[in-house]
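Below is one structure, written out as structure tokens; the observations come after it.
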Amino acid sequence: RYLNRNFRYPDEGLTNEIQGTVTVQFIVDKEGNVSDVQAISGPEQGGLREEAIRVIRKSGMWIPAIQNGRKVKSYKRQPVIFKIANETAG
């Protein structure tokens with residue numbers, strides 16, 4: 001839900017009709033803070049990777065992973081799908 005509300009399709013991506021899935025990897029610490037955000041796959045042109053990173057960085061607190069009943073730091077991977085809606089006049 002957060003991604004849908006805060007996501008902005010980059011102008012360059014729209015203009016050049018660049019679509020795809022950007023996979024973002026990041027760390028969620030014991031307190032739920034996000035750090036070390038990086039795009040590890042997806043289209044390199046059109047600003048898609050940069051937008052995916054921006055949205056994850058601003059996503060606020062995450063629920064930390066739990067191991068043996070204790071909160072722990074963990075790596076997360078989140079796919080961000082960039083798809084241009086085809087609008088047909090009718």
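The values are calculated or read from the model by the stated rules, or taken from the named source; none is laboratory data. What you see is a predicted model, and the numbers here were worked out from it, not measured in a lab. Cβ sites come from the backbone with ideal geometry, for glycine too, and all protein chains shown count toward neighbours. For accessibility, only protein heavy atoms count, side chains too; no ligands or nucleic acids. Shrake-Rupley method; radii C 1.70, N 1.55, O 1.52, S 1.80 Å.
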Can you pull out the GluC sites (Glu not before Pro) in region 1-85 that DSSP calls coil and that have at most 13 other Cβ atoms within 10 Å?
17, 31, 44
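When the solvent-accessible surface of protein heavy atoms is calculated with a 1.4 angstrom probe, in what order do 3, 14 fall, highest first?
On the way: 3 45, 14 80 Å².
Correct descending sequence by accessible area is 14, 3.
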At 7 Å along Cα-to-Cβ for each site, give me the label-to-label distance between residue 54 and residue 27 in nm.
2.5
Run the reach check for residue 73 against lysines, Cα to Cα strictly under 17 Å, same-chain hits fewer than 8 apart removed. What comes back?
30
Explain nothing, just compute: Karplus ³J(HN,Hα) = 6.51 cos²θ - 1.76 cosθ + 1.60, θ = phi - 60°, for every residue of region 28-37 in order, whole Hz, x for Gly and Pro.
10, 7, 4, 8, x, 6, 9, 8, 6, 7
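Apply 1/(1 + (r/R0)^6) to the Cβ-Cβ distance of residue 63 and residue 17, taking R0 = 35 Å, and write down the FRET efficiency to the nearest 0.05. Spell out each step's value before the answer.
Working: r = 36 Å, r/R0 = 1.02.
FRET efficiency, residue 63 to residue 17: 0.45.
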Report, in debye and to the nearest 20, how large the dipole of the chain comes out about its Cα centre when Lys and Arg carry +1 and Asp and Glu carry -1 on their Cβ.
660
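Heavy atoms only, probe 1.4 Å: what % of the accessible area of region 18-71 goes to carbon and sulfur, would you let me know? The partial results should precede the final answer.
Working: 1420 of 3110 Å².
So the carbon and sulfur contribution to the accessible surface is 46 percent.
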Please give the helix 48-57 orientation as an angle from the longest Cα principal axis of the chain, in degrees from 0 to 90, rounded to the nearest 10.
40
Leaving out ligands and nucleic acids, and using a 1.4 Å probe, what accessible area per residue does region 11-90 come to in Å²?
69
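Any chance you could run the full-extension gain for residue 75 through residue 7? It's 0.36 nm times the residue separation minus the Cα-Cα distance, nm to one decimal. List each step's numbers first, then the result.
Details: separation 68, 0.36 × 68 = 24.48 nm, distance 2.20 nm.
My answer for the length gained is 22.3 nm.
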For region 26-90, what is Rg from Cα atoms divided by 2.2 N^0.38 Å, rounded to two decimals?
1.46
Along the charge dipole of the chain, which of 61, 6, 37 sits closest to the positive end, that is, farthest toward it, with unit charges on the beta carbon of Lys, Arg, Asp and Glu (+1, +1, -1, -1)?
61
